[in-house]
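Asker: I am attaching a structure below and will ask some questions about it afterwards.
Coordinate-derived values only; no laboratory data. Since this is a predicted model, take the numbers as computed values, not measurements. Positions of Cβ are backbone-derived with ideal geometry, glycine not excepted, and every protein chain shown enters the neighbour counts.
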Amino acid sequence: MNLTEAQKQKVAAWINDGLKLAEIQKRLESEFSLRPTYMEVRFLIDDLKLMPKDPEPPAATAAPAAAAAVAPLPAAVPPAAGAGRVSVEVDKIPRPGALVNGKVTFSDGQTAVWYLDETGRLGLVPAVTGYKPAADDVKAFQMELQTQLQKMGF
């Protein structure tokens, strides 16, 4: 799908406003007279290197036993020796070509998108080109990711 720079900025603004992919699909049709499929919208968002916001979780009204059985996401790992906090989020819907993926925020505030591809390789795409996290952060990320994936049955 070919969009002008102004249209791309508009899509980015919609993502920042928290619109869901289906809502963006409708807006593309109503505002730009485009009729993309849902999958084309997903690819567009991926091509623009945008990350849709997760909806705000509803207020906790479930029984405490039910809440204890489900681990909340995003989860943060306690700081490792010499490291700050590293938080790992797991997306509910994997990107094309990935078994599972999500976002990590390192102790210095830098973020990256991570993915586990269909061959079992772990990939990390930092938001800032050339960024390399500290060794302690990488270790904390790997440990928390392993914990999250085990909870999901991987």
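Asker: With each label point set 7 Å from Cα along the Cα-Cβ vector, what nm distance links Phe154 and Lys92?
Answerer: Distance between the two pseudo-spin positions: 1.7 nm.
Asker: Pull out the extension gain between Thr4 and Leu99, defined as 0.36 nm times the separation in residues minus the alpha carbon to alpha carbon distance; nm, one decimal. Let's see the in-between values first.
Answerer: On the way: separation 95, 0.36 × 95 = 34.20 nm, distance 3.20 nm.
That pair, Thr4 and Leu99, stretches by 31.0 nm at full extension.
Asker: Can you list the GluC sites (Glu not before Pro) in the range 80-154 that are in a DSSP coil and have 15 or fewer other beta carbons within 10 angstrom? Provide the component values of the computation, followed by the final result.
Answerer: Working: sites: Glu89, Glu118, Glu144; in loops: Glu118.
Passing both the DSSP loop test and the Cβ count: Glu118.
Asker: Follow-up. Near Lys139, which lysines are there with a Cα under 30 Å away, not counting those fewer than 8 places off in the same chain?
Answerer: By straight Cα distance, Lys139 reaches Lys49, Lys53, Lys92, Lys103, Lys151.
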